[in-house]
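The values are calculated or read from the model by the stated rules, or taken from the named source; none is laboratory data. Note that the structure is a prediction, hence the values are computed from the model and not measured. All Cβ positions, glycine included, derive from the backbone under ideal geometry; neighbour counts span all protein chains shown. Side chains included, ligands, DNA and RNA excluded: accessible areas come from the protein's heavy atoms. Shrake-Rupley method; radii C 1.70, N 1.55, O 1.52, S 1.80 Å.
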Amino acid sequence: MKNKYFLFMLVLVIGILAACGTAEKEKTETESQSGTATEEAKVLRVGTSADYAPFEYVDTAVSDEIIGFDIDLANLIAERLGYELQFTNSDFNSLIPGLEADKFDFVIAGMTPTEERDEVVDFSTAYYETEQYLVYPKESNIASLEDLKGKVVGAQVSSIQEDLAKTLAAEHGFTVESRNLIPELVQELKNNRFQGAVIENIVADNYLAQNDDLAALPIEVEDPDFKAIVFQEGSELKGQFDEVIQDLIDEGKIDELKKKWFVVEE
């Protein structure tokens with residue numbers, strides 16, 4: 001009788017343990033599926049234009065990976081906020097339309113806030129102040145903007161440099177032609193199709209260091225230009241990114257990135 005009772009209790013215990021195991025397995029699978037969804041939700045789609053060394057570019061001699069100041073900055077921010085990033089390389093003039101069409105969660109591409117852009121997107125806290133240069137063939141001996149009268153000056157499509165070039169053209173009597181990519185502007189200078197090109201200083205310095213036949217002079221502007229990350233209007237990411245950007249500035253991390261990527265004068 002005792003043996004029968006023992007066997008009954010043993011079967012009952014085994015049944016209970018099996019049921020618990022099944023429930024625990026189902027719970028684990030549910031949590032795993034939920035975790036996967038959470039992880040997927042943490043992947044942010046990033047738009048950039050990888051023709052803007054040293055902010056974002058591809059060093060084809062090394063790999064097809066997009067690298068640069070902006071890329072490191074975006075990854076630093078994402079690491080602190082617990083996001084993973086998926087970068088897409090696009091033409092500069094397609095970035096804001098892509099953001100509006102929800103192709104990207106944010107854009108980082110050395111972009112400067114303007115009133116026109118601010119009407120359709122939101123900008124982060126500024127992370128870098130920049131200047132503008134007129135880059136020209138050294139042999140042309142251009143000494144000022146007045147020397148460009150009757151000549152052709154290049155700028156990148158949809159950039160603030162394009163807007164600036166058009167404003168200066170009205171004042172100094174030169175013609176503006178635009179190209180999609182910065183390397184195209186440099187090539188037009190070297191082929192003497194352009195007698196000048198408006199390019200921001202950090203990007204210009206990168207090309208001047210590699211091309212002894214090019215020179216540059218600074219362009220004075222009334223208001224300073226800043227770099228900022230771009231978000232869809234009303235995006236919750238803006239507040240998160242603003243806080244981290246300010247932390248990185250305060251901690252000197254932005255200065256470290258400048259030393260890594262820019263030609264910094266001591």
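Once you list every other residue whose beta carbon is under 12 Å from the beta carbon of residue 135, what net charge do they have if Lys and Arg are +1 and Asp and Glu are -1?
Local charge sum for residue 135: -2.
Just the accessible area per residue of the stretch 91-188, please: how many Å² with a 1.4 Å probe?
46 Å²
So what does residue 92 come to for accessible area, using a 1.4 Å probe and Å² rounded to 10?
Near enough 20 Å² of accessible area.
Based on alpha-carbon centroids, what's the gap between the stretch 60-84 and the stretch 153-211 in Å, whole number please?
27 Å
Could you tell me which of rounded, prolate or oblate describes the stretch 156-217, using a ≥ b ≥ c as the square roots of the eigenvalues of the alpha-carbon gyration tensor, with rounded for a/c under 1.5 and, failing that, prolate when a/b is larger than b/c and oblate otherwise?
It comes out prolate by the Cα gyration axes.
Which cross-chain or sequence-distant (5 or more) residues have an amide H under 5 Å from the amide H of residue 90, H modelled 1.01 Å from N in plane?
It is 48, 49, 50, by chain and number.
May I ask you to give the percent of accessible area on the stretch 85-141 that is carbon plus sulfur, with a probe radius of 1.4 Å?
That share works out to 38 percent.
I need the P(r) histogram for the stretch 94-138: all alpha carbon pairs, bin width 10 Å from 0 out to the longest distance, whole percents.
Whole-percent P(r) values from 0 Å outward: 20, 47, 22, 10, 1.
Please express the Cα-Cα pair-distance distribution P(r) of the stretch 109-195 as a list of whole percents, one per 5 Å bin, running from 0 to the bin with the greatest distance.
All Cα pairs, binned at 5 Å, distribute as 3, 13, 22, 23, 18, 11, 7, 4, 0 percent.
Put 179, 193, 80 in order of accessible area, largest first, 1.4 Å probe: what do you get?
Ranked from most to least accessible, the order is 193, 80, 179.
Between beta-carbons, use under 11 Å as the cut-off and find the net charge around residue 71, counting Lys and Arg +1, Asp and Glu -1.
-4
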